[in-house]
Amino acid sequence: MGDRNGTVTQAPDRVREVADPEGLRNVALVGPSGSGKTTLAEALARASGALSRSGRVEDGTTVSDHDEIEQRQGRSVQLSVVPLDWDGLRINLLDTPGHADFLGELRAGLRAADAALFVISAADGVDAGTRALWRECAAVGTPRAIVLTHLDAVRADFDEMVALCRDAFGGADPDAVLPLHLPITGEPGADGHPPVTGLAALLTGQVVDYSAGRREVRPPQDGEVARLAGARERLIEGVIAESEDEALMDRYAAGAEVDAPLLVTDLEKAVARAVFHPVLVAAPAAVDVEQALGTVEVLELVARGFPTPRERALPPVTTTDGEPRAEPACDPSGPLVAEVVRLASDPYVGRVALVRVFSGTLRPDTPVHVCGHGLADRGHEDHDLDVRVGALTSPFGRHQRPLGQAVAGDLACVARLTGAETGDTLSDRADPLLMPAWELPDPLLPVPVRAHGKADEDRFSQGLAKLAAEDPTLRVEQNPATGQVVLWCLGEAHRDVALERLRGRFGVRVDTEEHRVELRETFAGPAAGRGRHVKQSGGHGQYAVCEITVEPLPVGSGIEFVDEVVGGAVPRQFIPSVEKGVRARAAAGLRGERPLVDVRVTLKDGKAHSVDSSDAAFQTAGALALREAAQEAGLRLLEPAAEVGVTVADEYVGAVLSDLSARRGRVLGTEQQEGGSTWVRAEVPERELGRYAVELRSLAHGSGAFTRRHLRHEPVPQQLAARMLEAAG
């Protein structure tokens, strides 16, 4: 815990429970990989007293020491919660992964949060993914602030980074993005770069000095006053303008001195309304003190400038049948409405769900209704069931601290939530309700998997189902055409984590294989064929003769069968047998296992025997006739094509168009989008899209995203078809 004076006390073993949403702040830490989000979370926890100076809680774990995969990979791959107390408030920090492959975890964190801290490395600048995420938050009115880290890096330049942030995040109003502090630097080190030793607070005029190895607040020195004056004037004007405080603006315009408390109050209003986005500085690893540089200032902004859960507009609520209901209030005494933000499997307690309570109060050992709709396209069946929740805990690394209840606005881990999946709604059994799941990125990297050995086959399907229940950004597909089980992922890092979780959590070893698309064939031209199935070997024989013509049809026509027999050459009862034989042969393929499609088969003539003809004989004759016609006309290979929509930053449009052309794509048009991006629509063979999710990200420097939708099968160029058939054997 901590207070405004920076007093640190020992974190309790049991979480201090919050009875009123006014005492809660839920904040997501977002930003690219390597920006220092987890380091900042640990520093904020240490500054509040939730962590010791060594960065450890009671059981010896740290904020980031909660997942073996993260330890091995050295980066966050899942959402984690860091609860801490500050100035009488509970602050739930939601540390989100920065890698694009874990966008689902990031959006889950934003769903559970009421505000966002964008953590930006001053050494790396602002990337396209962070710009896109800022626009996403702006669209729903999420209050945001910016924290600059790594100012001690050789490439870091504070003024340049502030200018970049104003350009990237300010939009039409760059004065909505301004620094609250200016860094104070010391003498240059061996690398020639001066270290950050303090912060000058522009609103209060005070300096927070760390040059003596501890946090000290002092007035500015003579050489610092002039530097602060211009930046302070711009900040005051920006805060007053964005807060729309006309009385204070009149006083300021008249030259009257504006008190710092009034400015701080206006700043807090503007931040909470998501119209002003302050830039803060933090150097959590630069000074070895409990309250590292900038951490107290970040905590004060979160506590005083970010909204309470009551100030957040809640997602819409319906009955389980889809009937709209009045929006619930963020009231601990109201009806229970909560949501499973993420799900994990624990080897000792089973499924553990991280839950955000939007209304009502969640208590241990209480029966609730669990409802999940809307993810059927990802292999998640709609479900409505009643379960009894287990113990409630507050997570902190591997340490779970008991929690007696979770009121509206709070977060809690729930044990034994049997049958629940990520995105499910928890509500009262007497009045089941449903919240729509948040928007999820579409997994577009196919990874075919098969059980590694006999021992893995029994657990294979069950393990995949559990994995998909935890992570809705995964999609499991059983492709009947190719016989492959395909795990659709967001990228290679997502794939690696999924496969490691299958092996580590669920004990299922799998092998990957090359992804196959469903190839088909059609006739290259019209042809005729005769099928003769005559066998006499004593006793009852087999006799059937049929003559057909075959002509190709437009793509998507399927198989048409036409009867033009005259004079009863083929008895009426055997005409359906010929059709059945033709369709069965077409479905099985005439060469290899590629189905025949888009042809019209016309039965012209035939012969029958009064005794030896049968249904089976005419089925065989029909299949033989189709095979003979194919030998005459030749077959054309068909491959699936997809409609692709690519959204990319304007500067990479040319590279994307060239790449689509190299993939045999046909560009159908482009359309200018907001935010300096372009939407490209094209038709591309699905065979060329296997790794496009990964390669587009590299090609467009992280600014590209795409959608795909199966269109049809279309002919493969002759030379390529020959190579594909040769490779297939």
(message) P(r) for region 117-184, please, calculated from all Cα pair distances in 10 Å bins and given in %.
(response) 20, 57, 21, 2
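Treat every Asp and Glu Cβ in the chain as -1 and every Lys and Arg Cβ as +1, leave all other atoms uncharged, and give the resulting dipole magnitude about the Cα centre to the nearest 20 debye. Mind showing how you got there, number by number?
Values: 78 positive and 109 negative charges, 567 e Å.
Its charge dipole is roughly 2720 debye.
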(message) With +1 assigned to the C-beta of every Lys and Arg and -1 to the C-beta of every Asp and Glu, and no other charges, what is the dipole magnitude of region 445-512 about the Cα centre in debye, to the nearest 20?
(response) 140
(request) Consider all pairwise Cα distances in region 570-695 and report the whole-number % of them above 26 Å. (result) 50
(message) Would you calculate the convex hull of the Cα atoms in region 637-728 and tell me its volume per residue in Å³?
(response) 91
(message) As a test of understanding, state the convex hull volume per residue of region 318-434 from its alpha carbons, in Å³.
(response) 99
(message) Within the chain, what whole-number % of the accessible surface is contributed by carbon and sulfur, with the 1.4 Å probe and all protein chains included in the calculation?
(response) 48
(request) First obtain the Kirkwood hydrodynamic radius of region 190-320 from its Cα pairs, then insert it into the Stokes-Einstein equation at 25 °C and 0.890 mPa s, and state the resulting D in µm² per second as a whole number. (result) 145
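I'd like to know how region 396-459 sits against the 2.2 N^0.38 Å rule of thumb: what's its Cα Rg over that expected value?
Cα-based Rg divided by the globular estimate yields 1.71.
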(request) Please report the Cα spread of region 520-633 along all three principal axes, rounded to whole Å, starting with the longest. (result) 45, 31, 21
(request) Would you kindly give the portion of the calculated P(r) for region 235-284 that falls above 12 Å, as a percent of all Cα pairs? (result) 62
(message) Along each principal axis of its Cα atoms, how long is the chain end to end? Whole angstroms, biggest number first, please.
(response) 114, 57, 49
(message) So if I average 1/r over every pair of distinct C-alpha atoms in region 445-512 and take the inverse, what Kirkwood radius in Å does that give?
(response) 11.8
(request) Find the lysine pairs in the chain meeting two conditions, Cα atoms under 24 Å apart and a separation of 8 or more places or different chains, and report how many there are. (result) 6
(message) Leaving out ligands and nucleic acids, and using a 1.4 Å probe, what accessible area per residue does the chain come to in Å²?
(response) 42
(message) Could you tell me which residue out of His383, Ser394, Thr318 lies farthest along the dipole of region 318-434 toward its positive end? Charges go on the beta carbon: Lys and Arg +1, Asp and Glu -1, centred on the Cα centre.
(response) Ser394
(message) Over region 445-512, what is the relative contact order in percent, taking alpha-carbon pairs closer than 8 angstrom and at least six residues apart?
(response) 48
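Over the chain, calculate the relative contact order: mean separation of alpha carbon pairs under 8 Å at least 6 apart, over the residue count, as a percent. The partial results should precede the final answer.
Details: 1648 pairs, mean separation 73.5, N = 729.
Answer for the chain is 10 percent.
The values are calculated or read from the model by the stated rules, or taken from the named source; none is laboratory data. All of these numbers come straight from a predicted model, not from anything done at the bench. Note that we place each Cβ from the backbone using ideal geometry, even for glycine, and neighbour counts take in every protein chain shown. Each accessible area value is taken on the protein alone, full model and side chains, heavy atoms only, with ligands, DNA and RNA left out. Shrake-Rupley method; radii C 1.70, N 1.55, O 1.52, S 1.80 Å.
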